[in-house]
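Here the structure comes first, spelled out in structure tokens, and everything after it is commentary.
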């Protein structure tokens with residue numbers, strides 16, 4: 001079983017000419033975008049680490065937005081709207097396939113990885129390689145990083161708890 005998680009930096013990501021955010025990890029990968037300022041990221045981090053010990057054939061990676069603010073700028077010009085954390089994205093062959101939008105539960109995240117990887121594999125066997133990344137730009141009821149409200153528990157309708165990321169933070173001289 002997997003035992004280590006890859007810690008990425010912004011240099012592990014690129015935006016291709018079609019506007020797709022790409023991660024420099026071959027085959028399947030699950031990447032968690034997080035911030036140390038987000039109380040919900042700790043819980044998702046625990047689930048993410050536990051899942052890493054359960055699933056084979058998938059690289060688990062994390063990127064800390066507090067230390068890698070350039071990734072926020074890269075995402076702004078890509079198909080991934082990095083507007084909240086934790087954000088967990090399933091990548092296949094370096095391309096984003098789907099953003100996880102379920103609850104912070106081990107079994108739910110495991111089911112997501114298995115179903116998305118099997119669907120991707122089956123689609124590729126049938127030469128149907130068209131995959132769209134889920135657009136979650138309409139998500140509400142989260143909070144901005146650095147905002148006192150972020151310390152309060154806020155949940156989306158499906159039980160997902162998140163903190164918003166602001167692009168202005170990436171350009172701030174204070175960070």
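The values are calculated or read from the model by the stated rules, or taken from the named source; none is laboratory data. These figures come from a predicted structure and were not determined experimentally. Positions of Cβ are backbone-derived with ideal geometry, glycine not excepted, and every protein chain shown enters the neighbour counts.
Checking each residue in segment 1-26 for being surrounded by fewer than 12 Cβ atoms within 10 Å (Cβ to Cβ) and over 18 Å from residue 78 (Cα atoms) picks out 1, 3, 4, 26.
Could you go through segment 115-133 and let me know if any residue there is without any contact (Cβ under 8 Å) to a residue 40 or more places away in the chain and under 19 Å from residue 8 (Cβ atoms). Taking every residue of segment 115-133 in turn, none turns out to be without any contact (Cβ under 8 Å) to a residue 40 or more places away in the chain and under 19 Å from residue 8 (Cβ atoms). Among the listed residues 139, 114, 80, 72, which satisfies the condition of being modelled with pLDDT of 50 or more and in contact with a strand residue (DSSP E or B) (Cβ under 7 Å, 6 or more places away or on another chain)? After ruling out the rest, the residue left standing is 80. Against the condition modelled with pLDDT of 95 or more and under 15 Å from residue 28 (Cα atoms), how does residue 62 come out, does it pass? When the stated conditions are applied, residue 62 passes them. Per the conditions (1) more than 19 Å from residue 5 (Cβ to Cβ); (2) crowded, with 20+ Cβ neighbours inside 10 Å, the sole criterion not satisfied by residue 81 is (2). Here residue 23 fulfils each of the conditions (1) touching a helix residue (DSSP H, G or I) at 6+ places or on another chain (Cβ under 7 Å); (2) modelled with pLDDT of 95 or more; (3) more than 21 Å from residue 119 (Cβ to Cβ) apart from (3). Among the residues examined, residue 15 qualifies as touching a helix residue (DSSP H, G or I) at 6+ places or on another chain (Cβ under 8 Å) and on the phi < 0 side of the Ramachandran plot. I need the full set of residues from segment 27-55 which are surrounded by fewer than 17 Cβ atoms within 10 Å (Cβ to Cβ), in contact (Cβ under 8 Å) with a residue 60 or more places away in the chain and touching a strand residue (DSSP E or B) at 6+ places or on another chain (Cβ under 8 Å), in order please. 27, 39 - these are the residues of segment 27-55 that are surrounded by fewer than 17 Cβ atoms within 10 Å (Cβ to Cβ), in contact (Cβ under 8 Å) with a residue 60 or more places away in the chain and touching a strand residue (DSSP E or B) at 6+ places or on another chain (Cβ under 8 Å).
Every condition in (1) within 19 Å of residue 11 (Cβ to Cβ); (2) surrounded by 22 or more Cβ atoms within 10 Å (Cβ to Cβ) holds for residue 88 except the one numbered (1).
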